[in-house]
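Everything below concerns the one structure shown next.
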Amino acid sequence: MTVFRMGEAAELLGVSVDTMRRWVDAGRLAASRDEHGHRVIDGVDLATFVRAQAGGSDGGSEASSARNRLRGIVTAVVKDAVMAQVDIQAGPFRLVSLMSREAVDHLGLEVGSVAVAVIKSTTVVVEKPITTVGSRGRANA
């Protein structure tokens, strides 16, 4: 079983450690103490909590087969005569989309507006980090 310290869990979720502590103190997320007295969160419990927080739809089409939806803020729009590049910051993630200028104008995308990046792909590469926060999760014996 993998467990995460409060700081590690906070970094994975893109929130502050204080937010994690408030969730635990409010009983929204279970935590226990490790052998050193540090509060830790079971990886399965954390995953369940994240899924519940994500909820269902974020206002998108319920008829869509796409399941990967990242809500964020538009941070840049670069348009030329035909095409445009739109940058969205969704939590700690930067997403870049290339689309027609017509689509950008039709959607009214501009810096500071809220947008949802919907990702549908037959190829999604999954990596297991070696030295990042996810690998610091500890196996609980």
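Rule-based calculations on the coordinates, nothing more; no lab input. For clarity, every value in this text was computed on a predicted model and none was experimentally measured.
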Given 0.36 nm per residue, what is the gain on full extension from THR19 to SER64 after removing their alpha carbon distance, in nm?
-> 12.9 nm
Using the Kirkwood formula over every pair of different C-alpha atoms, what hydrodynamic radius in Å results for the stretch 68-119?
-> 10.8
Between (i) 10, 28, 30, 23, 8, 0; (ii) 12, 43, 34, 10, 1; (iii) 10, 31, 30, 20, 8, 2, 0, which matches P(r) over Cα pairs in 10 Å bins from 0, in percent calculated for the structure shown?
-> (iii)
Specify the residue with the greatest mean-square fluctuation among LYS120, LYS128, LYS79, computed from a Gaussian network of the chain linking alpha-carbon atoms under 10 Å apart.
-> LYS128
